[in-house]
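Trainee: Quick one: this structure, given as structure tokens, is what I'll be asking you about.
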Amino acid sequence: MKGKLRPVGSPVPFPRIRERQELPWAALYHTEFMCSGTEALSLAVAIAIHRHSQVSTPEVIVPAYGCPDLVSAIIAQGGKPVLVDLVPNGPHMNDIGVREAMTPSTVAVVGVGFLGIPERLEELSGICREHNLLLIEDSAQCFPPASASKPHADLVVLSFGRGKPINLMGGGALLVRTDLAGQAEEAVAQYPVSVLKVGMAWLIKRLVFNLLMRRLPYYVLERMPFLGIGETKFHRLDTISCLDLPESVLQAGLRDFQRRPLIHQRYDTELAGLEAWGWKCLASDRSEMSRNDPQQPVPLLRYPVLAPSKDMRDRALVVLNSEGIGASAFYGRALSQIEGVEALLDSAEYPVASDFAARLFTLPTHEGVTARDVARVTETLWSLSTPD
């Protein structure tokens, strides 16, 4: 097959005025649409800081492996990010580390969902209640948010950018638990409102965007180094705006998400025996967490795998990408090691997050993945595990 399978991302759906379905969180949370998920997170931080206005240098706890936009959102509000290492072989924050990181200046904890695997929000919620802190669920990579059925989080962040579960070419949302909506009004009112217009310019942008996601165009784009496709970079958040998002656009995104195939289940089946050779398919953690969840299974944003070693991970990436599979190291390093971020943090080491970053790679799970692609991935990983 010519070209290359993109690592992540679904086409932008065409907005049509049809039946309206209620938002999954409507009974529990008030929704504020923002111009990006990062801006939604920054608004959540602003609300947490406002609740602790006596704190001169407010601190916000985040995981030591994550997107640098976590840091951007916090420092945009004058806050200080405080990193906590992970549990071994998983994307979740160490709850003991969370407790140890708390100080009188802590105002919030951000529990970050990982590629469709939610954080352990119930545990984090208990810790936050003990210390009168807000719990923010960053669900930019998970949909629907875990708090939609069990409202453990006070605030929930969604993102509608490219490479997210619902791709609207931008935008985001902050969900504010209904009992806190009044406290959020002042923070929301200080920001201007941008209007998303679904006109000819937007429709043309959508067509071009969707075209470039196909295998051959993506193959060409990836080889243009000035575009920096797939690179993880730190960008400061300079402006924050609310968003007037047409309902038809969001409804189209919801319908499109519900129709996607569960590609991760194919990987689950084909890669099941690899753990005997030191690999770890992190989707199994998600299955354990959702066993008692009444919701139907939903797609993973990407399929995350931990290799037995960094060397094995790097070899897998080389072979898979040469075969036209968009495998990715994702962020590639711990948050504290990303250029531009380290200067904003206290000097510290996060050995578990660093090991996680060194061994992690992700496989595509979008609707463009075929049975042949999954077979190619399976053959490659098994051949690396059982060399002749």
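Trainee: What is the chain by shape, rounded, prolate or oblate, if you read a ≥ b ≥ c off the alpha carbon gyration tensor as root eigenvalues and call it rounded for a/c under 1.5, prolate for a/b larger than b/c, and oblate otherwise?
Mentor: oblate
Trainee: Suppose the chain between Gln54 and Ser309 were pulled fully straight at 0.36 nm per residue; how much longer would it get relative to their current alpha carbon spacing?
Mentor: Between Gln54 and Ser309, full extension yields an extra 87.2 nm.
Trainee: Determine the calculated [θ] at 222 nm for the chain from helices alone, applying -39500 (n - 2.57) to every DSSP H run no shorter than 4 residues and normalising by the residue count; nearest 500 deg cm²/dmol.
Mentor: Here the helix-only value at 222 nm equals -10000 deg cm²/dmol.
Trainee: Ok, one more. Any idea how far apart Glu339 and Phe209 come out in nm if each label point goes 7 Å out from Cα toward Cβ?
Mentor: Computed distance between label sites Glu339 and Phe209 equals 2.8 nm.
Trainee: List the pairs from Lys2/Lys197; Lys150/Lys233; Lys4/Lys310; Lys4/Lys197; Lys150/Lys197; Lys2/Lys280 whose alpha-carbon separation is above 28 Å, in the order I gave them.
Mentor: Pairs exceeding 28 Å: Lys2/Lys197; Lys150/Lys233; Lys4/Lys197; Lys150/Lys197; Lys2/Lys280.
Trainee: Counting other beta carbons within 10 Å of each Cβ, put Lys80, Lys2 in order, fewest first.
Mentor: Lys2, Lys80
Trainee: When a footprinting reagent is the concern and you count Cβ atoms within 10 Å, what order do Ser147, Ser354 take, fewest first?
Mentor: The most exposed by this proxy come first: Ser354, Ser147.
Trainee: Run the reach check for Lys164 against aspartates and glutamates, Cα to Cα strictly under 13 Å, same-chain hits fewer than 8 apart removed. What comes back?
Mentor: Of all the aspartates and glutamates, those that pass the test against Lys164 - Cα under 13 Å, at least 8 places apart if same chain - are Asp138, Asp256.
Trainee: Here's something else I'd like to know. Excluding Lys4 itself, calculate the net charge of residues whose Cβ lies under 15 Å from the Cβ of Lys4, where each Lys or Arg counts +1 and each Asp or Glu counts -1.
Mentor: Taking every Cβ under 15 Å from that of Lys4, the sum is +4.
Trainee: Label points 7 Å out from Cα along the Cβ direction at Glu22 and Leu227: separation in nm?
Mentor: For the pair Glu22/Leu227, the computed spacing is 4.3 nm.
Trainee: Report the antiparallel proportion of the DSSP beta bridges in the chain as a percent, rounded to a multiple of 5.
Mentor: 55
Taken together, the values in this text are just the output of simple stated rules run on the coordinates, not laboratory data. These numbers were taken from a predicted model, which means no experiment stands behind them. As a convention, Cβ positions derive from the backbone with ideal geometry for all residues, glycine included, and neighbour counts pool all protein chains shown.
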